[in-house]
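These notes concern the structure reproduced below.
No lab work stands behind these numbers, since they all come straight from the coordinates. Everything numeric in this text was worked out from a predicted model, so none of it was measured. Ideal geometry is used to build each Cβ from the backbone, glycine not excepted, and the neighbour counts take in all protein chains shown.
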Amino acid sequence: MNEPKASELCLLPLERLKSDPDALQGDFLHYLNRHLGRFLGCSPNYMYAAMAYTLRDRLITDWRDTWIEYKEPGVRRAYYMSLEFLIGRSLGNHILNMGLETEVEQALHDMLLDTEEILGNEPDAGLGNGGLGRLAACFIDSCATLQLPVIGYGIRYEYGMFRQKLLNGRQVEEPDHWLRDGNPWELERPEYTQRIHFGGHTEIYKDERGRNRVRWVDTNDVLAIPYDLPVSGYGNNTVNTLRLWKATTTDEFNLDEFNAGSYTEAVAAKNDAEHISMVLYPNDASESGKVLRLRQQYFLASASLQDAIRIWEYAEGGPHYERFARDNVFQMNDTHPTIAVAELMRILIDEKHLDWDDAWNITTACMAYTNHTLLPEALEKWPVAIFKQLLPRLLEIIYEINARFLEKVAMKWPGDTERLRRMSIIEENGEQYVRMAYLAIVGSFSVNGVAALHSQLLVDGLFRDFHALWPEKFNNKTNGVTPRRWIAHANPKMTGLISSQIGEEWISDLTRIAELKAYADEEEHAEFHEAWREVKRENKKRLAALVKKECGIDFPLDSLFDIQVKRIHEYKRQLLNVLHLIHLYSRIKRGDTDNWVNRCVLIGGKAAPGYEMAKDIIKLINNVAHMVNNDPDVGDRLKLVFFPNYSVSSMEVIAPGADLSEQISTAGKEASGTGNMKFMMNGALTIGTYDGANIEIMDAVGEENFFLFGLRAEEVQEMRHQYNPAGFIDEDSDLQAVMQLLESGYFNAREPGIFNNIINAMKSPSDPWMTLADFRSYVDAQQRVNEAWHYKHAWTRMSILNTACSGFFSTDRTMQQYNEKIWKLDPVTVGE
Ligand code: 21N
């Protein structure tokens, strides 16, 4: 008999584990008792871990088979590079994707355990700030479901997004040590460790053929260790990989210090390396400018590129670089990993010894860039001085890229020095900076915005000059969200009701949810309408219980649940919401309550720790809430809470319980928004400005099923030059009453002056967010909401239509568009 060789042995099929309730229970108890050393009746976080291990075992076979398929030569792969992946919890998601809901439920039930409680013990993987990080998580979910060979690359932050506490109505940040009890999902792969260089200097040498080459020497090196997380597809055998890098020290240390007898100091100094993956920067939508942040960016870019090259060389069986761009594409999530453009050039030139032109052709054929913001304060630029210190070789390469690029510009527009100055990758007025967005555009074959309006504004404004040079690079890819997490998992009751009417196909093909439109008519489908209302009521009950637990306030179920959750930022205009609430309060106080609609208002979101105005806004919301909730004149007419520590897992309860979704940014400022889509899918109606993806949401559902208000982007620009907030106050007695109440100190009687910054900002003619300009229109739209709410049946119809028209906003569609126009990958089926 022929003995198999070792290399053949490793390809032998792995036995599939049984997944009936008995088998699950057996493995669960094995992990709980024999691995974790705990027993039934122990603290529930161990039961969560035991169930996670049980399911991970069942993912491993498909995970391995998926890798084997992807490593075949000729399989083209995409790499999604992102400094953020805001994953949230995973157990419920995997159970859903594997179709094991009833089996797990049964297994736990037989041990008198409650599934929901156990799922609730998983800490959120909060490795992101907001929309950009959550988008990355939705993207990789959809890629696995679509069977696309896409690998996520990110950083395994020891501390994710801070936990938000409230003290006297103010935000207090607490560190999020999410890995403290271990992470059962991750698999450490030290065999694929990569080495990353920092510091040092460059020198020129002659190679064996007498050509000048550059060496980067005397560097301080750091090691990158990969930790893999499984990303399961829905109802298929695909298990993709999210690979997160942890920074660690090399074992080398400074011998001089060692010889001088400072052994402990020499070892201790090595700690510096570990800091790179210690903490996520929490200031979304404004650049941090910190050296550690640039170290994180290069660390991710370099480790990921080296790893992708290693995978490709292995599959290809040798370094035939003319085929590299045929097989690989890198999607950069904003400019954060954009140093990858220069890093790929460095690897190809210094390490693979390609010449400049070949390296540049490869690089610009496999890099693609997504922009997520137009806000000037969020556009990354790094001081050249910092670059020179930290990444001297990369700065040289960027200079060379820039010189060759500016030659092209000069050729197309001879004598236009002003244009050269504008378009240069290096900003030269005063201190020099590297403009990362420009590096990304020059180095990529595709540049996209995240909603139709946003992509249009990019080519008309910020990137105008580049669009004139390369119109073919620019495109739009409207964002989405994954219907698995945001409907099927978060809203099981609605899922059951929908599937009872149109089957389950919609879960992996959301265009099919349009079939619900046929049920929008109350007369013909009275039972369905009744059931729809009942589902919403149950979801409101679940949300009300969470609000009671977190905030201590009762939300009566018959009230309209009016919700704004997102990062706290002036452009998102939580302040406009507050002005409306003060208006409602003042109406109650003066007895103007005919046809009143009772409202429960929930506002939640985190402020960047250094963003004082955002922190003042949180304090104002809490102070107004205190007055409103404790005033006996108000009663059930109005309830207001600031919901603490808004996160992925809390949104899973909040979105299904919402009646009204607040999407009220200053037009032209919110690139897309994605919370707006989650609310829509779960049957909430939107009150919103003509901004970001709101526009596409309204197009899909129809203006008559959407509460539109406010200035449009062009009107905002138009008014800017002559914006006169005082005029809006003078002409509107409601706004006068609101501002008077606010300025009188009514909400801060014992804390005089604390809201002066907020008041002055709103009253300033240079207020970039022009909050007062939209007050009247917003209050009128809220009045239309009230009128609509009176007609329960018409409201239900609009709610059903919102869900039924949400098919476009699945990330399955978004990923299909990225794939058709940018990545061009073939789907890979696994295990058939
Ligand atoms: C959002 F701290 N953009 S979250 C858009 F320095 N950018 O605002 C939203 F490390 N974050 O409209 C859109 O729906 C969403 O992206 C998805 O496309 C966000 C930028 C950021 C900047 C600096 C930093 C972290 C994040 C930090």
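Brief remarks follow.
- Candidate set: segment 593-606, residues that are surrounded by 24 or more Cβ atoms within 10 Å (Cβ to Cβ) and among the hydrophobic types (A, V, I, L, M, F, W, C); chosen: the one nearest to residue 759 (Cα to Cα): 603
- For residue 230, the requirement of being closer than 24 Å to residue 390 by Cβ and more than 16 Å from the ligand (Cβ to nearest atom) is not met.
- Total residues in segment 534-586 satisfying the condition of being within 16 Å of the ligand (Cβ to nearest atom), out of contact with any helix residue (DSSP H, G or I) (no Cβ under 7 Å at 6 or more places or on another chain) and among the aliphatic types (A, V, I, L, M): the figure is 0.
- Residue in segment 205-224 that is surrounded by 13 or more Cβ atoms within 10 Å (Cβ to Cβ) and in contact with a Pro (Cβ under 6 Å, 6 or more places away or on another chain) present: no
- Verdict on residue 613 being surrounded by fewer than 16 Cβ atoms within 10 Å (Cβ to Cβ) and either more than 16 Å from the ligand (Cβ to nearest atom) or under 38 Å from the mean Cα position of the chain (by Cα) (or both): yes
- In this structure, residue 86 does satisfy being among the aliphatic types (A, V, I, L, M), outside any helix (DSSP H, G or I) and under 30 Å from residue 296 (Cβ atoms).
- Segment 728-752, subset within 36 Å of the chain's Cα centre (by Cα) and assigned to a loop (DSSP other than H, G, I, E, B), residue farthest from residue 621 (Cα to Cα): 748
- Segment 663-696, subset acidic (Asp, Glu) and within 19 Å of the chain's Cα centre (by Cα), residue surrounded by the fewest Cβ atoms within 10 Å (Cβ to Cβ): 691
- When residues of segment 267-283 are limited to those that are within 16 Å of the ligand (Cβ to nearest atom) and hydrophobic (A, V, I, L, M, F, W, C), the one surrounded by the fewest Cβ atoms within 10 Å (Cβ to Cβ): 278
- Residue 640 vs. criteria touching a helix residue (DSSP H, G or I) at 6+ places or on another chain (Cβ under 7 Å) and assigned to a helix (DSSP H, G or I): no
- Some residue of segment 592-610 being part of a helix (DSSP H, G or I) and either in contact with a strand residue (DSSP E or B) (Cβ under 7 Å, 6 or more places away or on another chain) or within 16 Å of the ligand (Cβ to nearest atom) (or both): no
- Taking segment 758-821 and the helices (runs of 4 or more DSSP H) fully enclosed by it, the elements with 2 or more residues that are buried (at least 19 other Cβ atoms within 10 Å of the Cβ) and among the aromatic types (Phe, Trp, Tyr) are at 775-790.
- Residue that is farthest from residue 339 (Cα to Cα), among those in segment 196-250 that are part of a strand (DSSP E or B) and among the hydroxyl-bearing types (Ser, Thr, Tyr): 232
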